[in-house]
Structure formats: C-alpha cells, structure tokens
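J.: Pasting a structure below so you can have a look.
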Amino acid sequence: MAIWDRNKVLPSALNSGNEYVEGDFPTEETLNAANNNAFYAVDYAEALGDTPDTSQVGNIGTPTVTLIDNVKTIDGTPKTFKKFKFANLKGEKGDAGINDALVVQELGTSTENTISQKIITDNLALKQDKTDSLTAYTAINDADYVPFYDTSETAHRKSLWSNIKSVLKTYFDALYTTALVKMTGYSKADSVASIATTDTINQAIGKLEYGYESKASKVMFTSLTITDTWTGSSAPYTQDVTVTGMTADDEPHIMPVYSATLSTAQAQEIAYGMISKAVSGANKITFTCNFSKPATAIPIEVEVIR
C-alpha cells in the first residue's frame, strides 16, 4: 500500500509536465502527487478559517480585507497558506474641519490612535448638564460668567455678569429717557381728599393738583406810599393808594416802612397812628381817618395771603 504524505507536488512535476493520454500508466509517485494536491486544498481552506490578523483594525484609512501569508507546519515541514487581515476599520478621515484628529484634540488626547470610549466618557463628564437639571442659584455676582451664542462670530462665547448689567443699563437708560406716561382720561379733582391706596394714577395726581392749587400763597406789594393828600374837608378823610393786582377779596396786611432818621420815623409813626382802617378793592386800597388826617407821607408794604 502506498504511503501518503501531504508534500505539495507542483503540476509541472506530474508526468514530466505532459498531459496523460489513453494507455499511459501513471506511476505511484504520480498518483501520490495528485492526492497530495487535493489534501493541500483542504489545508488551504482550513487555514482561511484561522483567527484573522486584526493588528491594524483600529487604524484610520481606507477599510481593507486582504489575504496574508499563514505559515503552518505539516508533518514537520513549514507550509505557506493564507488567512484574512482586517485593517483601517475606523474608516477614512473626514475633511480638515471634522477629522478624527480634531475630535481627539478636543477631548484632550495627544495621538489620533489613542482615542477610546474611556477618553470620550471622561471628557464628556466635564461638560455642563442640561440647564433644567442644574441647581437653582440666585446670588449672582459680577464675577460670574453667563454663556451665550455670538451670532456675529457664529461661535459660543461667555460674558461677565457685570458686563451684561452694563449693556442692559445702556439699553434701558435710552428707553426710559424717551418714554412718556400717557394719562388718558385725566381730570383734576374738585375737592380736597387724601390719596387712597385704591386710587388710579389719574385720581392720585388729580388730587395732588387740586391740593397744590388750593394751597395759600403769599403776594407782596412794595414801594407804596400813603401821601399827605386826603380827600374830605372834615372827618372821615379818605385816600386811595394804587396797588396793581389787588382784588376786593384780598385781605391785605399793611406794614409801614419807617425812615432810618429818627425824627422822620417818629413823624411817620404818629401819622400812621391816625389811620382808622384800610379796605381792599380792585387794584387799590382805600385808607380812612375817622378823626384827624396825617400831614406826613408814610411808605408802606402790603402782604396778601391768597
């Protein structure tokens, strides 16, 4: 019986490289060679099922699946078969703006190929949570930052709270200086009354206006003189002193203005003592002496409370 081995015999070695024809008698070696090739094909197929080479599976580039040499020892002799190799399964790099290198750089690693789930997880832990899940806080101070999106730069930015307050102040200052309060339906109150907590703005200001206009005011008339010229040949003697702006409803308070010279002042005081009464009228005051009429002019001032 022939002894089978798994040594590969090249087809060119079969029958010295010639095709067999009818009547040829193949030798034992020839038959062994053909069977050896059949066994080799089985071994080749088994080798393809070996664990593939994945040493470059995490690289960046064009994904590839290739056949590489797979050396196996059969019957003490090394034989070269094939097995699969997978490479670059991370895929191609994108453009310069979104390639994996920039993602890695953003996450704080030093080499493209060192990116990992742990790195991503660790770095995402540094990102802010959703706003609605953050702890409420009211004590904002000027040194705190507030994030915002800058449309002019199409980028995310931050700003100090003190700066935001300054911007808002500028805005509202301009707004308030041009704002007008329109008091539609306003009318002045017709009587004195205290402002109530239930009053509208119109009602409150109407009361204030009435109260202001109803408040007494003082009017002074100066540089007036009661002369030594009186009407009447006997008592009562009268004299009208022009006081522009005086009315019949006014109640004048008359004050003599005596001279700084003593003798003159004494004569003026005696003369003023002779006047019995004073009555206001339209643009005048009428003085009356019921006994004697003074022979000395008397400078006066008149005060009216309205």
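J.: Tell me, which strands (runs of 3 or more DSSP E) wholly within the range 201-306 include 3 or more residues that are at pLDDT below 95 and not charged (D, E, K, R)?
T.: 218-226
J.: When GLY185 is evaluated against the numbered criteria (1) in contact (Cβ under 8 Å) with a residue 12 or more places away in the chain; (2) surrounded by 10 or more Cβ atoms within 10 Å (Cβ to Cβ), which criterion, by number, is the only one it fails?
T.: Condition (2) is where GLY185 drops out.
J.: Next up: Of all residues in the range 204-244 being in contact with a Lys or Arg (Cβ under 7 Å, 6 or more places away or on another chain) and free of Cβ contacts under 8 Å to residues at least 40 places away in the same chain, which is surrounded by the most Cβ atoms within 10 Å (Cβ to Cβ)?
T.: Applying the first criterion (in contact with a Lys or Arg (Cβ under 7 Å, 6 or more places away or on another chain)) to the range 204-244 yields 206, 209-210, 216-217, 219, 230, 237, 240-243.
Now restrict to residues that are free of Cβ contacts under 8 Å to residues at least 40 places away in the same chain: 206, 209-210.
Numbers: GLY206: 20, GLU209: 14, TYR210: 16.
Going through the qualifying residues, I end up with GLY206.
J.: Report yes if VAL241 is in contact with a Pro (Cβ under 9 Å, 6 or more places away or on another chain) and either among the aliphatic types (A, V, I, L, M) or over 30 Å from TYR186 (Cα atoms) (or both), otherwise no. So that I can check it myself, show each step before the final result.
T.: On the way: in contact with a Pro (Cβ under 9 Å, 6 or more places away or on another chain): no; either among the aliphatic types (A, V, I, L, M) or over 30 Å from TYR186 (Cα atoms) (or both): yes.
Criteria not met by VAL241.
J.: Related question: Scan the range 245-258 residue by residue and report those that are loosely packed, with under 14 Cβ neighbours inside 10 Å and either touching a helix residue (DSSP H, G or I) at 6+ places or on another chain (Cβ under 9 Å) or charged (D, E, K, R) (or both).
T.: Within the range 245-258, ASP249, GLU251 qualify.
J.: Moving to a separate point now. What about ALA179, is it surrounded by 11 or more Cβ atoms within 10 Å (Cβ to Cβ) and modelled with pLDDT under 90?
T.: Numbers: surrounded by 11 or more Cβ atoms within 10 Å (Cβ to Cβ): no; modelled with pLDDT under 90: yes.
So ALA179 fails the test.
The values are calculated or read from the model by the stated rules, or taken from the named source; none is laboratory data. None of the values given here were measured: they were computed from a predicted structure. All Cβ positions, glycine included, derive from the backbone under ideal geometry; neighbour counts span all protein chains shown.
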